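I have placed the structure first, in the form of structure tokens, so that the comments after it can refer back to it.
The values are calculated or read from the model by the stated rules, or taken from the named source; none is laboratory data. Given the structure is predicted, the values throughout are model-derived calculations rather than measurements. Cβ atoms come from the backbone with ideal geometry, glycine included; neighbour counts cover every protein chain shown.
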Amino acid sequence: MAKSVIVAGGGIGGLSTALALRQKGFEVLVLEQSDALSEVGAGIQLSPNAMHVLIKLGVSDALVSMAFFPEYATMRHYLSGHEYLRMPLGKRIEQKYNAPYLHIHRADLHRVLYRAALKQGITITLKAQVKRYRHTQYGSTTKVQVELHDGRQFTCDMLVGADGIRSAVKKCLLPHSSLNFTGHVAWRGTLKSKNVPVDLVQPDANLWIGPSAHLVSYYVRGGDEINIIAVQERKEWNDERWNVPGDVTELRRAFEKWHPQVTELLGHLEKCFLWGLFGSDPLDKWVDNHVALIGDACHPMLPFVAQGAAMAIEDGFCLAKWVSTEIDIHQGLALYQAERFERATRVQKMAKSNADLYHLNGMSAKIKLKALNILNALSPSLASLPIAFIYAHNVTLD
């Protein structure tokens, strides 16, 4: 009889994990607290390390058909437009790492994962908000009882908390864990490419860095739309919602002294969303017997290396790999944490350190930018070395 798994959270990480577990023969139930499966209207970058997993999950062809393939990743000065970095992407990065680098709308990625989950026989239950869990013994067998806020209860062999940065599963596993405002807020918005001048946005992953702020722009949906993420430092933020309607006028004002390409792009944006970026120190415990955390539930990270979703996708595949072996579930989950902890923590810390670099904070940022500028002039491959460990990793290899 197939073992049963409940995945709390029907987002990108949760659905990826569900698919990986289903491939290993588990019966999977996804519990999603919202009344509809949907994703925020924004773009996402899928680097080769994430694509290796999505290829194994059988969804890459669908993703490629609706994605945009950037030619370079660039970093420019907010006033002069001086280029500190021009890292090759496109065919060159695909040849180097045997998987593509693509930009896709989050809703498109989510839709593909959702359809694949249904096709594979994964059950998805909406309006199912986890309240708590507890372990129970049935003879020599350990089970997990999951209670929802509406009183419903489910029993499974394993519970995976993929329910995001404010994870209910984590709250039960680590009741004293806390989140902290990182001092950054982010605006997100998209606009139709046909509504902006040709070549205003280069076919790259475009990063503009400036004092206490940075802005990213790139194409999604085959180039039909432009995704914009603008980050600014703030001292306080009290709203915990993911999608707070933003004030486009306020956004434009925050970047009004930036390069004309930035100000003109923001001038075409009609609406946006704003949210505060929260995080936590690395957790030393992701596993409680037959319960485990993945993604933002255990290693929330700033979006400054574009790896939040990628790390969750890697987590899910790794977890499924270990619990499908002949060892018991608890041992498998312990091995999952042992394999993933160092890598996820390293990426988490890199994202945090990039905040100072992108926002020109302090002497260390000036030194790093000068060194980056020199390396980029010598060879873009040298300039990209610090991030190579992320892209080169393939969690699907045995």
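Quick check: is even one residue across segment 343-357 in contact with a helix residue (DSSP H, G or I) (Cβ under 7 Å, 6 or more places away or on another chain), of a type in the set (Asp, Glu) and in contact (Cβ under 8 Å) with a residue 12 or more places away in the chain? For segment 343-357, residues in contact with a helix residue (DSSP H, G or I) (Cβ under 7 Å, 6 or more places away or on another chain), of a type in the set (Asp, Glu) and in contact (Cβ under 8 Å) with a residue 12 or more places away in the chain: absent.
Starting from residues that are of a type in the set (Ser, Thr, Tyr) and part of a strand (DSSP E or B), keep the ones in segment 122-154 and report whichever is modelled with the lowest pLDDT. Ranking the candidates gives Tyr138 first. Output yes when any residue across segment 374-382 is on the phi < 0 side of the Ramachandran plot, surrounded by 17 or more Cβ atoms within 10 Å (Cβ to Cβ) and modelled with pLDDT of 95 or more, and no when none is. The answer is no, given that none of the residues of segment 374-382 is on the phi < 0 side of the Ramachandran plot, surrounded by 17 or more Cβ atoms within 10 Å (Cβ to Cβ) and modelled with pLDDT of 95 or more.
Any chance you could count how many residues in segment 219-264 are among the hydrophobic types (A, V, I, L, M, F, W, C), under 26 Å from the mean Cα position of the chain (by Cα) and assigned to a loop (DSSP other than H, G, I, E, B)? Count: 3. If the condition is being more than 22 Å from Gly222 (Cα to Cα), among the basic types (Lys, Arg) and part of a strand (DSSP E or B), then segment 78-106 contributes no residue at all.
Yes or no: segment 47-58 includes at least one residue that is crowded, with 24+ Cβ neighbours inside 10 Å, modelled with pLDDT under 95 and not in a loop (DSSP other than H, G, I, E, B). For segment 47-58, residues crowded, with 24+ Cβ neighbours inside 10 Å, modelled with pLDDT under 95 and not in a loop (DSSP other than H, G, I, E, B): absent. Set side by side, the residues Ala99, Ala73, Ala116 differ, and just one is more than 30 Å from Asn376 (Cβ to Cβ), touching a residue at least 40 places away in the same chain (Cβ under 8 Å), crowded, with 19+ Cβ neighbours inside 10 Å and in contact with a Leu (Cβ under 9 Å, 6 or more places away or on another chain), which is Ala116. Checking the structure you have, find out if any residue of segment 281-299 is aliphatic (A, V, I, L, M) and under 24 Å from Leu207 (Cα atoms). Checked against the condition, which is being aliphatic (A, V, I, L, M) and under 24 Å from Leu207 (Cα atoms), segment 281-299 yields no hits at all.
Does Ala309 qualify as being touching a strand residue (DSSP E or B) at 6+ places or on another chain (Cβ under 7 Å) and at pLDDT 95 or above?
yes
Residues in segment 171-182 that are surrounded by 16 or more Cβ atoms within 10 Å (Cβ to Cβ) and under 28 Å from Gln232 (Cβ atoms): Phe181, Thr182. Among the residues of segment 330-358, those identified as surrounded by 20 or more Cβ atoms within 10 Å (Cβ to Cβ) and either of a type in the set (Asp, Glu) or closer than 30 Å to Ser4 by Cβ (or both) are Gly332, Leu333, Tyr336, Gln337, Arg340, Ala344. Restricted to segment 9-44, and to residues there that are more than 17 Å from the chain's Cα centre (by Cα) and assigned to a strand (DSSP E or B), the residue that is farthest from Leu191 (Cα to Cα) is Glu27. Checked against the criterion of being of a type outside the set (Ser, Thr, Tyr), in contact with a Ser or Thr (Cβ under 8 Å, 6 or more places away or on another chain) and in a helix (DSSP H, G or I), the candidates Ile367, Ile390, Ile374 yield just one match: Ile390. Screening segment 101-125 for residues that are among the β-branched types (Val, Ile, Thr) and within 15 Å of Leu63 (Cβ to Cβ) and picking the one that is nearest to the chain's Cα centre (by Cα) gives Ile104. Residues in segment 112-121 that are touching a helix residue (DSSP H, G or I) at 6+ places or on another chain (Cβ under 9 Å) and in a helix (DSSP H, G or I) were compared, and the one that is nearest to Ser65 (Cα to Cα) is Val112.
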